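First comes the structure, then the notes that go with it.
We did not get these values from a lab; they are worked out from the coordinates using the rules stated. Worth saying up front: this structure is predicted, and the values here are computed from it rather than measured. Here the Cβ positions follow ideal geometry from the backbone for every residue, glycine too, while neighbour counts run over all protein chains shown.
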Ligand code: SF4
């Protein structure tokens, strides 16, 4: 399919229930379909929808080495709940190696480079050779994600990207989680609606945007996984 075909397909997907988009992706791309998760609520809803439809596929997460302990605990719980063995994707550099090469606490001085090394490059490596990638991104999360499509060709990773929850609201996600009594990260009830790495995630105050606690004080709103921040090469 070319770029125009994906645009047409994305438009037709706007009329479909989420389950049918997932079914289409599974029929079309399994066993070369993978799902990513950061263990945020949308990902948990997507895992449950897959489970309900009887679909099994590799689910991976990127372990930057800086995740909250609550995230690791939730992963164990979800393994038991859904019977998923999550694939752990690691950056090429350990935190010690990164500090030696780029200096201590790179995230404070150059968060884009840190995200590039610890998230984007590992993802690029993992997706090499895969055909399609299922995500739980939602349009209302950021202005940049609002431009995403239900299905699109991802030029950077050379995969088809399917975003079945794109039109879901935050309320819909939480209604679903409560209705199905699904586990979730306890940090979400402590002022952290969006959880990333420990040094770059803070609690939000009343009235703030749900992602205001990510990279607080910086202009940065994306890690670069879903929306390109810039391209960088390292010798
Ligand atoms: S979120 Fe922060 S610590 Fe995590 S990879 Fe990005 S800059 Fe580094």
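If you check 150, 182, 165, which single one turns out to be over 21 Å from residue 89 (Cα atoms), surrounded by fewer than 21 Cβ atoms within 10 Å (Cβ to Cβ), touching a residue at least 60 places away in the same chain (Cβ under 8 Å) and in contact with a helix residue (DSSP H, G or I) (Cβ under 9 Å, 6 or more places away or on another chain)?
Testing whether each residue is over 21 Å from residue 89 (Cα atoms), surrounded by fewer than 21 Cβ atoms within 10 Å (Cβ to Cβ), touching a residue at least 60 places away in the same chain (Cβ under 8 Å) and in contact with a helix residue (DSSP H, G or I) (Cβ under 9 Å, 6 or more places away or on another chain) leaves just 182.
I want to confirm something. Restricting to the stretch 116-136 and keeping residues that are in contact with a helix residue (DSSP H, G or I) (Cβ under 8 Å, 6 or more places away or on another chain) and near the ligand (Cβ under 9 Å from one of its atoms), which single residue is farthest from residue 47 (Cα to Cα)?
So, considering only residues that are in contact with a helix residue (DSSP H, G or I) (Cβ under 8 Å, 6 or more places away or on another chain) and near the ligand (Cβ under 9 Å from one of its atoms), the one farthest from residue 47 (Cα to Cα) is 117.
So which of 96, 108 ends up being within 14 Å of the ligand (Cβ to nearest atom) and either more than 23 Å from residue 192 (Cα to Cα) or in a helix (DSSP H, G or I) (or both)?
Sole residue among the options that is within 14 Å of the ligand (Cβ to nearest atom) and either more than 23 Å from residue 192 (Cα to Cα) or in a helix (DSSP H, G or I) (or both): 108.
Suppose the filter is under 27 Å from residue 147 (Cβ atoms) and in contact with a helix residue (DSSP H, G or I) (Cβ under 6 Å, 6 or more places away or on another chain); does residue 204 pass it? Step through it out loud before you land on a result.
Working: under 27 Å from residue 147 (Cβ atoms): yes; in contact with a helix residue (DSSP H, G or I) (Cβ under 6 Å, 6 or more places away or on another chain): no.
It is false that residue 204 is under 27 Å from residue 147 (Cβ atoms) and in contact with a helix residue (DSSP H, G or I) (Cβ under 6 Å, 6 or more places away or on another chain).
Among the residues of the stretch 195-205, what is the count of those that are buried (at least 19 other Cβ atoms within 10 Å of the Cβ) and either away from the ligand (no atom under 16 Å from the Cβ) or assigned to a loop (DSSP other than H, G, I, E, B) (or both)?
Residues flagged as buried (at least 19 other Cβ atoms within 10 Å of the Cβ) and either away from the ligand (no atom under 16 Å from the Cβ) or assigned to a loop (DSSP other than H, G, I, E, B) (or both) within the stretch 195-205 amount to 2.
Criterion first (in contact (Cβ under 8 Å) with a residue 40 or more places away in the chain, within 16 Å of the ligand (Cβ to nearest atom) and touching a helix residue (DSSP H, G or I) at 6+ places or on another chain (Cβ under 7 Å)) does residue 64 satisfy it?
Values: in contact (Cβ under 8 Å) with a residue 40 or more places away in the chain: yes; within 16 Å of the ligand (Cβ to nearest atom): yes; touching a helix residue (DSSP H, G or I) at 6+ places or on another chain (Cβ under 7 Å): yes.
Judged against the criteria, residue 64 is a match.
With the checklist (1) in contact with a strand residue (DSSP E or B) (Cβ under 8 Å, 6 or more places away or on another chain); (2) more than 24 Å from residue 145 (Cα to Cα) in hand, flag the one item residue 46 doesn't pass.
Just one mismatch for residue 46, condition (2).
Exactly one condition in (1) touching a helix residue (DSSP H, G or I) at 6+ places or on another chain (Cβ under 9 Å); (2) in contact (Cβ under 8 Å) with a residue 12 or more places away in the chain; (3) over 22 Å from residue 124 (Cα atoms); (4) not in a loop (DSSP other than H, G, I, E, B) is not met by residue 20; state its number.
In the conditions (1) touching a helix residue (DSSP H, G or I) at 6+ places or on another chain (Cβ under 9 Å); (2) in contact (Cβ under 8 Å) with a residue 12 or more places away in the chain; (3) over 22 Å from residue 124 (Cα atoms); (4) not in a loop (DSSP other than H, G, I, E, B), residue 20 misses (2) alone.
Does the stretch 67-86 hold any residues that are touching a residue at least 40 places away in the same chain (Cβ under 8 Å) and closer than 27 Å to residue 53 by Cβ, and which are they?
71, 74, 77, 78, 81, 86
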